[in-house]
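Data first, discussion second: the structure below is written as structure tokens.
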Amino acid sequence: MKLDRNIVWSLARGWLVAVLVVAGFAVASAPAGAASFQPLEIVTKNGVQVFSVEMATTDEEKQTGLMYRKELADGKGMLFDFNPEQEVSMWMKNTYVPLDMIFIRADGRILRIAENTEPLSTKIISSRGPARAVLEVVAGTAQKYGIRPGDRVGHPLFGSK
């Protein structure tokens, strides 16, 4: 049986297109945001709590943040760099996971914690003072580990760790 070259090429091209479409869907469904994780420590009166955080440093990363994610593991989070220190406003638009937002001063001290934020809300959540960064972690984390304003955050962003 002899196959026509045009038929073989047409079939091969069809398979290639199918593979590229499937690969495109796989990439598009992957969570947005930074891919590398960095360690971050918070020193509380109960001890040192270690987190693994994604960095949000570009405007696009800061605008997207944890949007569209369906889960966030305990001990994971996202650290938003707002250098220089400034009044920071956040919201939960398109964010499905309830979060604790930890506002951090340039010296690494926690300024304020907005606990158990409401998923999908467009309500503005303010730092209520100058902040260098915001750490977003799964809701309940601050209470679970006894994290409070005034606690120190260790990370290179604040000149430590």
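The values are calculated or read from the model by the stated rules, or taken from the named source; none is laboratory data. Bear in mind that the values here come from a model prediction, so they are computed numbers and not experimental data. With ideal geometry, Cβ positions are generated from the backbone for all residues, glycine too; neighbour counts draw on all protein chains shown. Each accessible area value is taken on the protein alone, full model and side chains, heavy atoms only, with ligands, DNA and RNA left out. Shrake-Rupley method; radii C 1.70, N 1.55, O 1.52, S 1.80 Å.
When you go through (1) open to solvent by 30 Å² or more (accessible area, probe 1.4 Å); (2) under 14 Å from the mean Cα position of the chain (by Cα); (3) at pLDDT below 95 one by one for residue 91, which number turns out not to apply?
(3)
Run residue 110 past the list (1) touching a Gly at 6+ places or on another chain (Cβ under 8 Å); (2) surrounded by fewer than 20 Cβ atoms within 10 Å (Cβ to Cβ) and report the number of the one that doesn't hold.
In the conditions (1) touching a Gly at 6+ places or on another chain (Cβ under 8 Å); (2) surrounded by fewer than 20 Cβ atoms within 10 Å (Cβ to Cβ), residue 110 misses (2) alone.
In the stretch 114-138, what residues are aliphatic (A, V, I, L, M) and either modelled with pLDDT under 95 or open to solvent by 30 Å² or more (accessible area, probe 1.4 Å) (or both)? I'd like the intermediate steps shown before the answer.
Residues of the stretch 114-138 aliphatic (A, V, I, L, M): 114, 120, 124-125, 131, 133-135, 137-138.
120, 124, 138 - these are the residues of the stretch 114-138 that are aliphatic (A, V, I, L, M) and either modelled with pLDDT under 95 or open to solvent by 30 Å² or more (accessible area, probe 1.4 Å) (or both).
For residues that are of a type in the set (D, E, K, R) and more than 17 Å from the chain's Cα centre (by Cα), tally how many sit in the stretch 135-149.
The total comes to 2.
Name the pairs: first residue in the stretch 108-128 and without any contact (Cβ under 8 Å) to a residue 12 or more places away in the chain, second residue surrounded by 14 or more Cβ atoms within 10 Å (Cβ to Cβ) and not in a loop (DSSP other than H, G, I, E, B), Cβ to Cβ under 6 Å, at least 6 apart or on different chains?
none
Residue by residue, here is whether (1) in contact with a Lys or Arg (Cβ under 9 Å, 6 or more places away or on another chain); (2) over 19 Å from residue 41 (Cβ atoms); (3) hydrophobic (A, V, I, L, M, F, W, C) holds:
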{"site": "91", "(1), (2), (3)": "yes, yes, yes"}
{"site": "105", "(1), (2), (3)": "yes, no, no"}
{"site": "110", "(1), (2), (3)": "yes, no, yes"}
{"site": "113", "(1), (2), (3)": "yes, no, yes"}
{"site": "124", "(1), (2), (3)": "no, yes, yes"}
{"site": "144", "(1), (2), (3)": "no, no, no"}
